[in-house]
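A short worksheet on the structure shown next.
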2 protein chains.
Amino acid sequence: MSQYHPLSLDEAVALAQSIPGHFREDAELSVREIGDGNLNLVFHVTDEADGKGLIIKQALPYAKVVGESWPLSLDRARIEREALQIQHAYAPDLVPAVYSYDDELAITVMEDLSDHTIMRKGLIEGQEYPLFAKHIGRFMASTLFYTSDLGMNQQEKKLRVAQFINPDLCKITEDLIFEDPYRDSPNNNFSEDIRQDAEALWHDDELRLEIALLREKFLTHAEALLHGDLHTGSIFATPDSTKVIDPEFAYYGPMGFDIGAVIANLLLNYAAQPGWSLSLEELQARRGRLLQMVESVWRHFESNFRELWNRDVVDVTARTAGYQDMYVQKILRDTIGFAGAKMIRRIVGLSHVADIDTIEDAALQRQAKQAALQIGTALVRRGRFASSIEEIAAIAKQAAKEEQVTL
Amino acid sequence: MSQYHPLSLDEAVALAQSIPGHFREDAELSVREIGDGNLNLVFHVTDEADGKGLIIKQALPYAKVVGESWPLSLDRARIEREALQIQHAYAPDLVPAVYSYDDELAITVMEDLSDHTIMRKGLIEGQEYPLFAKHIGRFMASTLFYTSDLGMNQQEKKLRVAQFINPDLCKITEDLIFEDPYRDSPNNNFSEDIRQDAEALWHDDELRLEIALLREKFLTHAEALLHGDLHTGSIFATPDSTKVIDPEFAYYGPMGFDIGAVIANLLLNYAAQPGWSLSLEELQARRGRLLQMVESVWRHFESNFRELWNRDVVDVTARTAGYQDMYVQKILRDTIGFAGAKMIRRIVGLSHVADIDTIEDAALQRQAKQAALQIGTALVRRGRFASSIEEIAAIAKQAAKEEQVTL
């Protein structure tokens, strides 16, 4: 069955049954295809008798976005699987285990996480994740440090760079995040009630210069193996557990891109809160938690990263006095800039977030979009000159203060 | 004959004769091996009757440096040849033509440049190269621009990055330029009369921080396909013609690394001048020409680079107001920093330059080394904060003013 074709449900069950030692030999397996069908097939195979399961993810040779279809290399399944394996090696409790794979079929067989919820959904429902910042901070510190020139042999790292050359998926990022939102592009997708805000981006030369500089970093700074798409929809969570999935955008880029993605998506949720008919008290409590989480994500990243550096750095030169502080400052600045860019594109660009698009009241949805744009543009402007993570909360609070619609 | 083995003279002649349309069919070819034997064999095959010739370069599977031998991948012959072909495509008059190659034998057959002289030798002899700055400025602008995200499709560029992953040769650069000179490394190689100056580098935390930042750029900033070893020994020249050879260190790195290499080697020659029994008038004339050449190299690079950008940039985002100026400023700063690092390593590190090491008078040789170190360290310190190429001449003149030995 090795020539590429989309798996049937029966083939998925047969493949699952063939994984050694996973299911009982006489298990009666059931299967559901649970993917969104845009980029991948995702089969959930379970033994209902004992609740055991596994996931089979298969890449499709095209992407479907707003009805259009464009070809995508199946090699991204290899990239995603190899990234999963590397990330699992550095953070085994935070990444699903890979049980098996077939590169020709573009298939990865991996751990079943169906006891977890997509974190974006949980956040929308007001779920608290008290351990998330600690988990994701450690995930990012480990995976970024140990795949960089700081934490691994510099010659082996060069081979890793070649291994994760990922043109198709990088093009999506380059276009949708760093280009389309800043001009009148047919790929943009925004509601007419924020047209004025969108068009303002196209004529803001100061902002566009910062975006050009961020884009340049994304294109050229091969610092570490990034997840590459680390939003709250790529995270499965429970209050006790965090699992990072779907690294098909993995490639070597600037560390701040991943950290910025996490923070941007927390702030998009922050911007959306007034749309959800909460009491003022609950609204303020949730927003307070989100801003604390933003700072905590950074602080856990930073403390883990510095600890790994002090313990395991392989580069003699990196022990130079003052260098670690400058390196961390660079990551912080990149993080803030990329967080801003990632917020803006979710409002004006092709691909949105449910946090905001599911707000039913049109005026409140518009307000949430404007708040997100206000925070996003302020972060982009601030990034290159920032000196502390606390600047983010100040910017977010300012946007909240200026909200127009009465609750 | 395709399994790897070092070519014999007879095999070199047979290979030369087999190149279609180059030599007359009944030509009596003569051959000399003219390589330095450290890294490569170089055969010069000529037809003495009509003066026609060609070069066969074959990589050896090891490097011999100061008697030691370490293994080097033969893949560097492919990298060198592919870099030559790309550079020749963008600057056909400034790079030798490749006639043929054999990757298994690690062989490239190319244009004979025996009417040219190695520029380092010419400079030592006081030869003037009035067109050099113009030529090398155009060479660097074209090869760097068109291999970067500015001048080529960004997805194809990523494949190029993978094509030029060059771990063995990069390791030489990383160790010998950015690491060994700044600690008590067995790879260092300096005369006892400058021990104090060498040891001062090991304890200069401010300087070492700048070196760590330059090293980070070298390791991570995949801006353009660099030559990677662009010193005056990699350039064949006459007063009318310039040919850039030997790009076996080619890889994707920061543009300023190549420009800095050219400038460093002009300044090493500048530092050496008092060692050559010149009249004061001739000394001053030569030094004046060298400083003019340094500025002119940069200015020709910059004007060509901006012209290519304005005409051929493929990246929409790069047209943002103010971006080109910031990009050029970044290259200038990198150029100055890398120039400094390249000077320091030629005095304290493993590999020296004939400009200085052939000075017979010990005191004058020591003075030249100290001047080179003074200029080199000042450039490294200045790089990150520089705003004009003229700062280099000011630094070089200051070093000349402080020379101790009376002429």
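Couple of notes before you dig in:
- Global form of the stretch B:28-111, assessed from the alpha-carbon gyration tensor, a/c cut-off 1.5: oblate
- Computed magnitude of the charge dipole of the protein assembly as shown (debye, nearest 20; Cβ of K, R +1, Cβ of D, E -1): 2160 debye
- Considering chain B, its Cα convex hull presents a mean projected area of 20.3 nm².
- Beta carbon of chain B nearest to the axis of the rotation taking B to A, residue and angstrom distance: B:162, 2
- A cut-off of 5 Å between modelled amide H atoms, ignoring neighbours fewer than 5 places along the same chain, links residue B:252 with B:226.
- The protein assembly as shown - Debye-derived log10 I(q)/I(0), Cα point model, q = 0.09 Å⁻¹: -0.93
- What separates the residue B:98 label point from its copies, with the point 7 Å along Cα to Cβ, is 3.3 nm, written shortest first.
- In this Cβ point-charge picture (+1 for Lys and Arg, -1 for Asp and Glu), the stretch B:198-275 has a dipole of about 180 debye about its Cα centre.
- The mean count of C-beta atoms from other chains within 10 Å of the C-beta of residues in A:308-321, rounded to a whole number, is 4.
- Nearest-20 debye value, the stretch B:117-401 charge dipole, Cβ charges on Lys, Arg, Asp, Glu: 640 debye
- From its DSSP helices (H runs of at least four residues, each -39,500 (n - 2.57)), chain A gives a residue-normalised ellipticity at 222 nm of -16500 deg cm²/dmol.
- Close amide H pairs (under 5 Å, H built 1.01 Å from N) link residue A:63 with A:70, A:72, residues at least 5 positions away or on another chain.
- Shielding value for B:205-214 is 5, the average number of Cβ atoms from other chains within 10 Å of each residue's Cβ.
- Other copies of residue B:196: label-to-label distances in nm, shortest first, labels 7 Å along the beta-carbon direction: 7.2
- Peptide B:149-158 shows a mean partner chain C-beta count of 4 within 10 Å per residue C-beta.
- Packing-based ranking, highest mean first, of A:182-192, A:218-228, B:324-334 given that Cβ atoms within 10 Å are counted: A:218-228, B:324-334, A:182-192
- Chain B: DSSP helices with Cα axial extent of at least 20 Å and average Kyte-Doolittle hydropathy no lower than 1.0: B:256-272
- Chain A, relative contact order [Cα under 8 Å, separation at least 6], %: 17 percent
- Summary for residue A:292: label point 7 Å along Cα→Cβ; distances to the equivalent points in the other copies, ascending, 7.0 nm.
- Proxy reagent accessibility, fewest Cβ within 10 Å first, across A:174, A:295, A:390: A:390, A:295, A:174
The numbers here are math on the coordinates, done by the rules we state, and not lab data. Small disclaimer: the values here were computed from a predicted structure and weren't measured. So basically every Cβ, Gly included, is an ideal-geometry build from the backbone, and we count neighbours across all protein chains shown.
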